[in-house]
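Encoded as structure tokens, the structure appears first; notes follow it.
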Amino acid sequence: MESFQQLRVYQLAKKISKERWFIVKKWDNFTKDTRGKQILRYADSIGANIAEGHGRYSCQDNQRFVKIARGSLNETRHGLRLA
């Protein structure tokens, strides 16, 4: 089984995570402290859940964590739209 770092979806999650830093760091302090911190957590959660699911021993567990990662992606999109 390949490492989760080799998965294209994980690589994209990592890219999203990096790019949102460049977006958030340009904001004023209040926005960074409120909306920015949330967006950073949402985006980091995408890759973390992909990695955790990949380490599980059953397809069902992996699928559950991939669904959670998809939810984190949608949270990230939502947060960026509000900002």
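Values in this text are rule-based calculations from the coordinates and carry no lab data. Please read these numbers as outputs of a predicted model, since none were measured by experiment. We place every Cβ from the backbone using ideal geometry, glycine too, and count neighbours over all the protein chains shown.
Glu19 meets the stated requirement of being out of contact with any helix residue (DSSP H, G or I) (no Cβ under 6 Å at 6 or more places or on another chain) and either of a type in the set (Asp, Glu) or touching a residue at least 60 places away in the same chain (Cβ under 8 Å) (or both). Looking at Gly55, Gly79, Gly36, Gly47, can you tell me which residue is of a type outside the set (A, V, I, L, M) and over 16 Å from the mean Cα position of the chain (by Cα)? Exactly one of Gly55, Gly79, Gly36, Gly47 is of a type outside the set (A, V, I, L, M) and over 16 Å from the mean Cα position of the chain (by Cα), namely Gly55.
Taken over segment 24-83, the criterion of being under 23 Å from Leu7 (Cβ atoms), part of a helix (DSSP H, G or I) and aromatic (Phe, Trp, Tyr) is satisfied by Tyr42, Phe65. Taking Asp61 as the residue in question, decide whether it is surrounded by 14 or more Cβ atoms within 10 Å (Cβ to Cβ) and acidic (Asp, Glu). Here the answer is yes, as Asp61 does meet what is asked.
One residue stands out among those in segment 1-10 that are part of a helix (DSSP H, G or I) and over 11 Å from the mean Cα position of the chain (by Cα): the one that is nearest to Gly79 (Cα to Cα), which is Arg8. Selection within segment 22-56: residues that are aromatic (Phe, Trp, Tyr) and loosely packed, with under 13 Cβ neighbours inside 10 Å. The member of this set that is farthest from Leu73 (Cα to Cα) is Phe30.
The residue pairs whose first member lies in segment 58-83 and is acidic (Asp, Glu), whose second member is surrounded by 14 or more Cβ atoms within 10 Å (Cβ to Cβ) and assigned to a helix (DSSP H, G or I), and whose beta carbons are closer than 7 Å, counting only pairs six or more residues apart or on different chains, are Asp61/Gly53; Glu75/Tyr42.
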